[in-house]
Amino acid sequence: MARITERPVEQASERAWASEDVGNIHFLEHVNVTQPDQALATLFYIVGMGFTRDPYLNVGLQNMWVNLGEQQFHLPTREPQVIPGHIGIVVPDLAALEARLASVQPALAHTRFSYRVEPDHVVVTCPWGNTFRCYAPHPRFGDMLLGMLYVEFLTRPGTAAGIARFYEQALGAPARVDSDAGGPAARVAIGTHQWLTFRETDAPLRPYDGHHIAIYVANFSGPYAFFQARGRIMEDVTNHQFRFKDLVDPATDEVVFTLEHEVRSLHHPMYRRPLVNRDPAQAQMRYRRGRDALVPYVG
Ligand SMILES: [Fe+2]
């Protein structure tokens, strides 16, 4: 069995059946990073990574929604944003991914695109510098065959504990600080098999550039009250969602990290919206009738 370097965040409680519990953040749905060129984005996200352009929404040139399993990338057309860290992805077949990445290499050679094969995953950098670690399906990742498993952000030294307190107290999400060879990291559980990691680093970090994530929470009013009490609502409630970007350590009221969150209630019309996924193995010369769609769960 291959080594799996990423592990889900187990719930902390020793109580019987605690492993069946989930925290207040049910679902990480999308990561939004702007990019300047839809043609290059198509080569990378659709042809190379094997994802699917959403056929229903944002089909013009101003934005591009890309489906991977039950999650999405939102890619408005603007100067590029880059997440400090990486995004964890599950893909059905790492060898097929490598072949697709090799096929787009010449057309992306003038960009920051690169990839390398590690013992249990493939590290991929997009044309503008966002990094992905792609894993094969594994029981630790539930039944995810294709999807977004986690996002790992780099954060400055001394902030991981405050970030964990923030997610526990502001959002009701199980969180803890782990220390491994990579240093201290806050890990935040989302739903059954997704998570966020905030890993401390001594390396210089770029200023926050406005990228965002979208999450769904069961208890919506509690988080709203936390930010309202501190005057830190970034965008007030409209269409069952609000936004914040200041991660405040409840023990000190200091901002320990900046990341825009689009916080949606389960009443949001897009909660668990069915997303179209194609099987990138389909091709004219080896076409299989009736197999265009990909079911993004392990069978
Ligand atoms: Fe968004």
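For the range 127-140, state whether one or more residues are closer than 20 Å to Thr52 by Cβ, touching a residue at least 12 places away in the same chain (Cβ under 8 Å) and β-branched (Val, Ile, Thr).
Step one: list which residues in the range 127-140 are closer than 20 Å to Thr52 by Cβ, which gives 127, 130, 132, 134-137.
Cutting the leftovers down to touching a residue at least 12 places away in the same chain (Cβ under 8 Å) gives us 127, 130, 132, 134-137.
Adding the requirement that they be β-branched (Val, Ile, Thr) leaves none.
No; the residues of the range 127-140 include none that is closer than 20 Å to Thr52 by Cβ, touching a residue at least 12 places away in the same chain (Cβ under 8 Å) and β-branched (Val, Ile, Thr).
Report yes if some residue within the range 123-135 is open to solvent by 30 Å² or more (accessible area, probe 1.4 Å), out of contact with any Ser or Thr (no Cβ under 8 Å at 6 or more places or on another chain) and either assigned to a loop (DSSP other than H, G, I, E, B) or not charged (D, E, K, R) (or both); otherwise report no. The answer is no; no qualifying residue exists. If the condition is being closer than 27 Å to Thr77 by Cβ, touching a helix residue (DSSP H, G or I) at 6+ places or on another chain (Cβ under 7 Å) and in a strand (DSSP E or B), then the range 102-121 contributes only Tyr115. Scanning the range 242-297 for residues that are open to solvent by less than 70 Å² (accessible area, probe 1.4 Å) and of a type in the set (Val, Ile, Thr) yields Val248, Val255, Val256, Thr258, Val263, Val276. Looking at the range 4-101, the strands (runs of 3 or more DSSP E) lying wholly inside it that each contain 2 or more residues that are open to solvent by less than 40 Å² (accessible area, probe 1.4 Å) and among the β-branched types (Val, Ile, Thr) sit at 25-32, 85-90. When we screen Arg264, Arg199, Arg187 for residues that are assigned to a strand (DSSP E or B) and in contact with a Gly (Cβ under 7 Å, 6 or more places away or on another chain), the only hit is Arg199. Consider Asn63 against the criteria (1) over 20 Å from Gly210 (Cα atoms); (2) touching a Leu at 6+ places or on another chain (Cβ under 7 Å): it satisfies all of them except one. Which criterion is unmet? Only one criterion is unmet by Asn63, namely (1). When the residues of the range 219-248 are filtered to those that are outside any strand (DSSP E or B) and in contact with a Ser or Thr (Cβ under 8 Å, 6 or more places away or on another chain), the one that is nearest to the ligand (Cβ to nearest atom) is His240. Scanning the range 194-215 for residues that are away from the ligand (no atom under 15 Å from the Cβ) and open to solvent by less than 20 Å² (accessible area, probe 1.4 Å) turns up Gln194, Trp195, Leu196, Thr197, Phe198.
Here's the yes/no breakdown for (1) farther than 30 Å from Asp143 by Cβ; (2) of a type in the set (Gly, Ala, Ser); (3) modelled with pLDDT under 95:
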| site | (1), (2), (3) |
| --- | --- |
| Ile163 | no, no, no |
| Ala173 | no, yes, no |
| Asp178 | no, no, yes |
| Ala185 | no, yes, no |
| Gly191 | no, yes, no |
| Thr197 | no, no, no |
| Thr201 | yes, no, no |
| Pro204 | yes, no, no |
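Residues that are open to solvent by 30 Å² or more (accessible area, probe 1.4 Å) and in a helix (DSSP H, G or I) within the range 145-176 comprise Ala161, Arg165, Glu168, Gln169, listed in sequence order. Of all the numbered requirements in (1) touching a residue at least 12 places away in the same chain (Cβ under 8 Å); (2) part of a loop (DSSP other than H, G, I, E, B); (3) within 29 Å of Leu146 (Cβ to Cβ); (4) of a type outside the set (Asp, Glu), Ile215 misses one, and that requirement is (2).
The values are calculated or read from the model by the stated rules, or taken from the named source; none is laboratory data. Just so it is clear, the structure is predicted and the values come from calculations on it, not from any experiment. All Cβ positions, glycine included, derive from the backbone under ideal geometry; neighbour counts span all protein chains shown. Each accessible area value is taken on the protein alone, full model and side chains, heavy atoms only, with ligands, DNA and RNA left out. Shrake-Rupley method; radii C 1.70, N 1.55, O 1.52, S 1.80 Å.
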